[in-house]
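The values are calculated or read from the model by the stated rules, or taken from the named source; none is laboratory data. Since this is a predicted model, take the numbers as computed values, not measurements. As a convention, Cβ positions derive from the backbone with ideal geometry for all residues, glycine included, and neighbour counts pool all protein chains shown.
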Amino acid sequence: MLNLFFKHVFPYTPVVDRCQLVADRQAGNCSTFLLYAIFSITVPYSKPMTLHDMGFDSVTHAQRTFFSRARLLFDFGCEENQLSLLQGSFLLSSFQNSFAPDKDFRFWLNQAMHIATLMGLHRRNVEYELQPSVQRVCRRIWWLLYQRDIMFMLAGFENVRHINDEEVDSRPVCHADWLETPPTAMLPVIPDIEIEFFIENCKLTKLGAQCLRLSLNTDVAPSMVNVREIGQAIVTWRTNLPPGLRAEGSLYGNSTDIWQSVILTFGFRLECLFYRTIRRFSSSLSPSDLEWVNQRLLGAMFDLSTVLRRAMALDILSTGPPSLIVCTTQLLALQIDTVLSPQCSRGTRHALKADINAMLAHLEDVKDCWLNAKWASRVFGWVVSRTGLSLREPEISRGSTANGPGGNSGHSSLNLPEGMVQQLQPGCLNDNSDKSYQGNALLDPSEGLPETWFQDMINSGILEEQDQGIYDIMNLRMAF
């Protein structure tokens, strides 16, 4: 299991000193809390036979078991080492580990943030008090916390940031922060591409922080000069990526494809969320500025879809971080929002419809490995079937209204519940609509949720036996 952790999880979550962990494990004094946290996040990468040999019949069974054991060790105060508590808490803050409503991923992230600030990891002077190997690990952990703080806020998993940038002067990560003792058979040399991926993701996160600062004031539209500057900064960042991570390198099917796909996905996802946020201010934007924002949003959506679909075709997404599933669900929400808009052209609608079904098919393929994919496929599958976007069902008629010929709204063939028809009218997910739900829920959950959709979804039974943690994972208020 540790080999799988080093191969699949460590590249995007380098919270441990690999050599020290292996040495502690061999000496029998490794933190049990940390080991269970490692196992819980590594299980999805295991083969079915491995899980069977360990006594588990599914990924969910194994994850829940390891998570529960780590939680019990935490609850009873069995782990006293501060660094081990920090490392384990961060690993448990992955949203795939939300098995308990009172200790979901937010709880563990808050716990990790609390320990990190108590240790002073946000301050540069603390480095002089630590051994070099511990110093390198702590700097990586701090920037992981920074990444998660920004991206959870951008994605809507959190309502406020935990880190005040003005109080942080921690040094940026660099290649030297991955220095280790000579490699062994169990610990091969860390590829440069993995280090570069992490460093570039930190740079992208800083751009995400700029996006958040620009959109904090929800009453006044941000300056389009600043919007264009940030948009250009993201493009410049992508252009300056190391050769192995650039888009043009995708012609070569080598082992670096996974990290190339991940960093490009994160970049295009940030653009989508940023321009979607700016479009909330459509009433304050000039027609030309609004058209520019819409074009950039649509372009970023298609770029994101291209990267994800290529990764799906090469079957490399299953070896990446679980946040790729979240990127997929966010893209699905944006695509459904766009395709139901009356401004969506026929060609764009057909292209998006094919993309939506391809994304759903992929979620179905990986649902046995990733818990969030399982429930994402159920929820979005339900939405797609109710809106006529499935390739197996007729598309919603857009030429009639509730007051149209025959008194139906063009949805009778879908047999929709009473009350949902009005919410599926053209414009219901359009920013310029006069309806109370403006389609802003992806980044502004407070705007409101179509209650009849949500209630009908519950009545349909697709969310049965699901605890509150998965409702948070899916972030239903964002998606619809």
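It is to be established whether one or more residues within the range 62-73 are touching a residue at least 40 places away in the same chain (Cβ under 8 Å), out of contact with any Ser or Thr (no Cβ under 8 Å at 6 or more places or on another chain) and not hydrophobic (A, V, I, L, M, F, W, C).
no
Given the conditions (1) in a helix (DSSP H, G or I); (2) under 30 Å from residue 247 (Cα atoms); (3) modelled with pLDDT under 95, and given that residue 187 satisfies all but one, which numbered condition is not satisfied?
The number of the failed condition is (1).
Say we look at the range 191-208 and pick out the residues that are in contact (Cβ under 8 Å) with a residue 24 or more places away in the chain and of a type in the set (A, V, I, L, M, F, W, C); which of these is farthest from residue 14 (Cα to Cα)?
For the range 191-208, the residue satisfying everything is 207.
Sort out which residues of the range 278-320 are among the charged types (D, E, K, R) and in a helix (DSSP H, G or I), and write them in order of number.
279, 280, 289, 291, 296, 303, 309, 310
Could you please let me know if residue 87 is buried (at least 23 other Cβ atoms within 10 Å of the Cβ), out of contact with any strand residue (DSSP E or B) (no Cβ under 6 Å at 6 or more places or on another chain) and modelled with pLDDT of 95 or more? Walk me through it before giving the result.
Numbers: buried (at least 23 other Cβ atoms within 10 Å of the Cβ): yes; out of contact with any strand residue (DSSP E or B) (no Cβ under 6 Å at 6 or more places or on another chain): yes; modelled with pLDDT of 95 or more: yes.
Judged against the criteria, residue 87 is a match.
Do we find that residue 265 is modelled with pLDDT of 95 or more, under 17 Å from the mean Cα position of the chain (by Cα) and of a type in the set (Ser, Thr, Tyr) in this structure?
Spelling it out, residue 265 is indeed modelled with pLDDT of 95 or more, under 17 Å from the mean Cα position of the chain (by Cα) and of a type in the set (Ser, Thr, Tyr).
Regarding residue 303, is this residue farther than 20 Å from residue 365 by Cβ, acidic (Asp, Glu) and either surrounded by fewer than 20 Cβ atoms within 10 Å (Cβ to Cβ) or under 16 Å from the mean Cα position of the chain (by Cα) (or both)? Talk me through it step by step, then tell me what you get.
Details: farther than 20 Å from residue 365 by Cβ: yes; acidic (Asp, Glu): yes; either surrounded by fewer than 20 Cβ atoms within 10 Å (Cβ to Cβ) or under 16 Å from the mean Cα position of the chain (by Cα) (or both): yes.
Spelling it out, residue 303 is indeed farther than 20 Å from residue 365 by Cβ, acidic (Asp, Glu) and either surrounded by fewer than 20 Cβ atoms within 10 Å (Cβ to Cβ) or under 16 Å from the mean Cα position of the chain (by Cα) (or both).
Take the conditions crowded, with 24+ Cβ neighbours inside 10 Å, over 16 Å from residue 225 (Cα atoms) and either of a type outside the set (Phe, Trp, Tyr) or touching a strand residue (DSSP E or B) at 6+ places or on another chain (Cβ under 6 Å) (or both) and apply them to residue 260. Does it pass?
yes
Could you look through the range 212-238, keep only residues that are modelled with pLDDT under 95 and either among the basic types (Lys, Arg) or closer than 30 Å to residue 10 by Cα (or both), and pick out the one that is surrounded by the fewest Cβ atoms within 10 Å (Cβ to Cβ)?
Out of the qualifying residues, it is 213.
Of the residues 343, 335, 330, which is modelled with pLDDT of 85 or more and under 30 Å from residue 10 (Cα atoms)? Talk me through it step by step, then tell me what you get.
Details: 343 fails: under 30 Å from residue 10 (Cα atoms); 335 fails: under 30 Å from residue 10 (Cα atoms).
Every option except 330 fails the conditions.
Given the residues 137, 173, which is the only one that is at pLDDT 90 or above, aliphatic (A, V, I, L, M), assigned to a loop (DSSP other than H, G, I, E, B) and touching a helix residue (DSSP H, G or I) at 6+ places or on another chain (Cβ under 9 Å)?
Working: 137 fails: assigned to a loop (DSSP other than H, G, I, E, B).
None of the others qualify; the one that does is 173.
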